[in-house]
1. What spacing in nm lies between the two simple spin-label points modelled at ASN22 and ILE82, each 7 Å away from Cα in the Cβ direction?
2. So if I place +1 on the C-beta of Lys and Arg and -1 on the C-beta of Asp and Glu, and nothing else carries charge, what would the dipole magnitude of region 28-113 be about its Cα centre? I want it in debye, nearest 20.
3. Using a 10 angstrom cutoff on alpha carbons, build the Gaussian network for the chain and name the most mobile of ASN22, ASN62, ASN41.
4. Quick check on packing: order 85-96, 42-53, 2-13 by the mean number of other C-beta atoms within 10 Å, highest mean leading.
5. Before anything else, pin down the relative contact order of the chain: Cα pairs under 8 Å, at least 6 apart, normalised by residue count, whole percent.
6. Take the Cβ-Cβ distance between SER106 and PHE72 as r, set R0 to 30 Å, and report the resulting FRET efficiency rounded to the nearest 0.05.
7. Would you list which lysines come within 22 Å of LYS111, measuring only between C-alpha atoms, while excluding same-chain residues fewer than 8 positions from it?
Amino acid sequence: MPEVVTVDLKWDDTKLSLINKNATAGLFRLGFDIAAQARRNAPYLTGALRNTIRVHETSDSNTLEVIAGGTFAGFVVNYAWIREQGPNRNPDTEHYMENAANTIMSGNYLKKYFGGIV
């Protein structure tokens with residue numbers, strides 16, 4: 001009968017906790033950078049649209065949203081989606097959210113935001 005060889009693997013809870021903390025911090029940095037880029041990309045008439053671009057942590061702690069539109073300082077901005085899709089007076093401002101995500105998440109963004117854990 002052949003011998004059975006076993007290897008015991010144990011989680012290092014301290015290291016796992018640190019990985020989770022670093023991943024969360026990287027996710028927030030990524031979200032805030034996308035929001036900042038989206039503000040730069042957004043069409044500008046009154047500034048109301050740019051002022052509604054924000055980062056929102058959902059009830060699911062693993063999800064972060066970058067949101068545009070809604071109510072800000074008494075202004076109702078219900079045209080965020082329309083401006084995202086276009087047509088806009090300046091075509092460079094169409095897809096301001098999508099382009100922001102593409103800009104920030106290009107190159108070696110995994111190393112930049114999650115460098116210690118990837």
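1. With each label point 7 Å from Cα toward Cβ, the separation is 4.6 nm.
2. Working: 9 positive and 8 negative charges, 64 e Å.
Result for region 28-113 is approximately 300 debye, rounded to the nearest 20.
3. Between ASN22, ASN62, ASN41, it is ASN62 that shows the largest mean-square fluctuation.
4. Numbers: 85-96: 13.4, 42-53: 17.3, 2-13: 5.2.
Top of the packing list down: 42-53, 85-96, 2-13.
5. Numbers: 135 pairs, mean separation 32.5, N = 118.
Relative contact order here is 28 percent.
6. Numbers: r = 29 Å, r/R0 = 0.96.
Efficiency for this residue pair is about 0.55.
7. Straight-distance partners of LYS111: LYS15, LYS21.
A short reminder: the numbers here are calculations on the coordinates, not readings from a lab. Everything numeric in this text was worked out from a predicted model, so none of it was measured. All Cβ positions, even for glycine, are placed from backbone atoms using ideal geometry, and neighbour counts span all protein chains on display.
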